[in-house]
Amino acid sequence: MHTILSSATKTVRIGDDQPFAIIGERINPTGRKIFQLQLRNGDLSRIEIDVKEQVAGGAMLLDVNMGAPLADETALMTQAVTLIQRLTDLPLVIDSSIIEVLDAGLAAYQGKALVNSVTAEDERLDAILPLVKKYGAAVIGLPNDEEEIPEEPARRVDLARKLISVATEKYRIPIEDIVIDPLAMPVGADTLHPERTLETIALLKAEFGVNMTLGASNVSFGMPDRHSISAAFLPIAASYGLTSAIMDARSPQAVRAVKAADLVLNRDEWGAAWIAAHRAQLAAQKAAEAAATQVGAQAHGQPGAT
């Protein structure tokens, strides 16, 4: 089952026979006080840096969230989506809990976006799914409702079943356009949380075959050396059926881990992508060393420095 997302010029397929889809998480002001202040002042210059860093790190899609306190989130989302489309051809994930913001972002977007997100609450389903249908987007579904964020995997699957049923039957959204988040909770709060997430992934894959994503940073929240935790968890989750993650594409450790998982799970035919990435890294290192040598030679006025 492929979830197909696109920009005006680029298409990305998410599926269990495809490379693990890295969704860059960085364009988000949560926990970033300076970025929040910039957005309140209408300054979007930091977005250009975030886009460049995530693209360089290997992001295949970019999550866009403009939820800065006291800022005009609707206007910012329109401006951000418009700006990012000029900076990169990567498909976008429009991320907000506010209906008007999602509408504005989808209206400004040229392509097929992924909406982040809808829960299994009746009110949210009836508010967000019509937007998804209107714009021909795909959507991330969270298996929690008005009563709970369930711990038990079986209950999460029940809520995912409800969400998928409403989306496909009431709103005629294709099941391949529904990406379920199995709910990743912090390992620091309970070391059984990752095991529950993995069980949920396996159950969802067995019953529905849907694509899945999660916030990788949720797993390591509150713990030291968070990138190592992501690098350990994501390949395991991929082996259970996770096909994408919203993650820090600036982390070479986590990115290399999911690329290695692609190789050992036979999603990188003949290791072509792994070998190409290694060669590119070696070339970049040699270029950096040559540039450093050149600068040093110039600083000391040595012959051949020009």
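Give the distance, in whole Å, between the Cα centre of the stretch 97-116 and the Cα centre of the stretch 119-136. Their Cα centres are 12 Å away from one another.
Between Glu269 and Lys33, full extension at 0.36 nm per residue minus the direct alpha carbon distance yields a gain of 80.7 nm.
Relative contact order of the stretch 96-185: 28 percent, from C-alpha pairs under 8 Å at least 6 residues apart in sequence. Extension gain, Ser228 to Glu289, is 19.2 nm, computed as 0.36 nm per intervening residue step minus the present C-alpha separation. Listed by chain and number, the lysines placed with their C-alpha closer than 27 angstrom to that of Lys133 are Lys10, Lys112, Lys162, Lys170, Lys205; residues fewer than eight positions away on the same chain are left out.
Near the amide H of Ala21, within less than 5 Å, lie the amide hydrogens of Ser244, Ala245, all on another chain or at least 5 residues away, with H placed in the peptide plane. Relative to the dominant Cα principal axis of the chain, helix 193-207 is inclined by about 70°.
Would you work out which of Gly222, Gly58, Val258 lies farthest towards the positive end of the dipole of the chain? Charges go on Cβ: Lys and Arg +1, Asp and Glu -1. After comparing all options, I get Gly58. The stretch 44-91 and the stretch 194-266 have Cα centres lying 23 Å from one another. Short-range pairs are left out: with C-alpha atoms under 8 Å and at least six residues apart, the relative contact order of the stretch 204-298 is 23 percent. Peptides 267-273, 5-11 ranked from most to least packed give 5-11, 267-273, packing being the mean of other C-beta atoms within 10 angstrom over each peptide's residues.
Could you please state how large a percent of the accessible area of the stretch 181-306 is carbon and sulfur, counting protein chains only and using a 1.4 Å probe? With neighbouring chains kept in place, the figure for the stretch 181-306 is 61 percent. Accessible surface area normalised per residue over the stretch 182-306 is 54 Å², counting heavy atoms of protein chains with a 1.4 Å rolling probe.
The values are calculated or read from the model by the stated rules, or taken from the named source; none is laboratory data. Being a predicted model, the structure only gives us computed values, none of them experimental. Heads up, the Cβs are rebuilt from the backbone with ideal geometry, glycines too, and the neighbour counts pull from every protein chain shown. Just so you know, the surface numbers come from the protein's heavy atoms only, side chains and all, with ligands and any DNA or RNA stripped out. Shrake-Rupley method; radii C 1.70, N 1.55, O 1.52, S 1.80 Å.
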